[in-house]
Amino acid sequence: MPQNELRFNDLLDSAQHSAVHLEMRDTYGVGDEADDYEQWRATGRRDADPDSAYWAPWVDLIQRATARGVTVRRARIVSEPVTEYIRYEHAGTSVNVLAGEQVRWLPRRQAVDLLLPGCDLWIFDGTSVLFNHFSGDGGWADPPLELRTEPGLVKQCTDAFESVWKRATPHDQYKTR
């Protein structure tokens with residue numbers, strides 16, 4: 001398991017109350033989903049089996065967190081019309097929800113007056129922010145993760161997430177175009 005996955009898993013496993021994820025890219029190119037993405041592009045079908053080798057580790061991680069009472073929320077800011085990659089993400093989000101995540105979508109045009117961080121992030125228990133750094137083509141940058149705990153920065157990121165969450169559409173109501 002790559003070091004960045006170990007660090008993330010440790011942070012989520014130690015969360016006590018909340019873990020929120022803000023995604024703001026229209027495409028990602030991370031290697032661990034390349035095969036699943038290519039299969040979806042070729043067939044139009046996405047692996048939606050929570051017990052599959054692709055999904056089982058994530059489902060287990062989220063279910064362990066929610067079983068401890070941790071609320072896990074994910075907000076995605078997307079351009080419309082959505083990219084092919086976002087349609088792929090949307091097609092698999094039912095597994096995120098089944099695992100215990102709450103997921104919402106916000107069209108980018110509805111976020112223009114929000115002050116947002118420069119990159120994707122996770123916030124754990126309102127006390128730490130894990131920034132996810134990506135290269136221009138959507139792959140992991142080096143280093144891929146940056147953990148910050150300064151209270152002012154955590155508050156700014158928390159406020160940004162909450163303003164997105166408040167405006168965003170729940171997954172079961174959001175339709176890709």
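Just the residues that are in contact with a helix residue (DSSP H, G or I) (Cβ under 9 Å, 6 or more places away or on another chain) and in contact (Cβ under 8 Å) with a residue 40 or more places away in the chain, please, taken from segment 144-168.
P144, L145, L147, S163, V164, R167, A168
How many of the residues making up segment 51-73 are under 19 Å from G29 (Cα atoms) and in contact (Cβ under 8 Å) with a residue 24 or more places away in the chain?
2
For residues that are at pLDDT 95 or above and β-branched (V, I, T), scanning just segment 133-177, find the one that is nearest to T83 (Cα to Cα).
Ranking the candidates gives T169 first.
If W165 satisfies every condition in (1) within 21 Å of D26 (Cα to Cα); (2) in a strand (DSSP E or B) but one, which is the exception?
(2)
Determine, yes or no, whether Y37 is part of a loop (DSSP other than H, G, I, E, B) and more than 21 Å from P170 (Cα to Cα).
No; evaluated as a whole, the condition is false for this residue.
Considering only segment 22-33, I want to know if a residue exists there that is assigned to a helix (DSSP H, G or I) and surrounded by fewer than 16 Cβ atoms within 10 Å (Cβ to Cβ).
Looking through segment 22-33, at least one residue is assigned to a helix (DSSP H, G or I) and surrounded by fewer than 16 Cβ atoms within 10 Å (Cβ to Cβ).
Would you point out which residue out of S18, S14 is polar (S, T, N, Q), surrounded by 15 or more Cβ atoms within 10 Å (Cβ to Cβ) and closer than 27 Å to A141 by Cβ?
S18
Every residue in segment 108-134 that is in contact with a Phe, Trp or Tyr (Cβ under 9 Å, 6 or more places away or on another chain) and in a strand (DSSP E or B), please.
L121, W122, I123, S128, V129, L130, F131, N132, H133, F134
Can you work out which of the residues in segment 45-80 that are in a loop (DSSP other than H, G, I, E, B) and among the aromatic types (F, W, Y) is modelled with the lowest pLDDT?
Residue satisfying both the conditions and the ranking: Y54.
Any chance segment 62-81 includes a residue that's acidic (D, E), crowded, with 17+ Cβ neighbours inside 10 Å and within 21 Å of F161 (Cβ to Cβ)?
Looking for residues that are acidic (D, E), crowded, with 17+ Cβ neighbours inside 10 Å and within 21 Å of F161 (Cβ to Cβ), one finds none in segment 62-81, hence no.
Let's see how each residue does on (1) over 14 Å from T158 (Cα atoms); (2) polar (S, T, N, Q); (3) without any contact (Cβ under 8 Å) to a residue 40 or more places away in the chain; (4) buried (at least 19 other Cβ atoms within 10 Å of the Cβ):
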position	(1), (2), (3), (4)
H90	yes, no, no, yes
V95	yes, no, no, yes
D125	no, no, no, no
L130	no, no, no, yes
G138	yes, no, no, no
D142	yes, no, yes, no
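Looking at segment 81-107 only, could you name the residues that are of a type outside the set (G, A, S) and assigned to a loop (DSSP other than H, G, I, E, B)?
P81, V82, T83, E101 - these are the residues of segment 81-107 that are of a type outside the set (G, A, S) and assigned to a loop (DSSP other than H, G, I, E, B).
The values are calculated or read from the model by the stated rules, or taken from the named source; none is laboratory data. Remember, it's a predicted structure, so these values are computed and weren't measured experimentally. With ideal geometry, Cβ positions are generated from the backbone for all residues, glycine too; neighbour counts draw on all protein chains shown.
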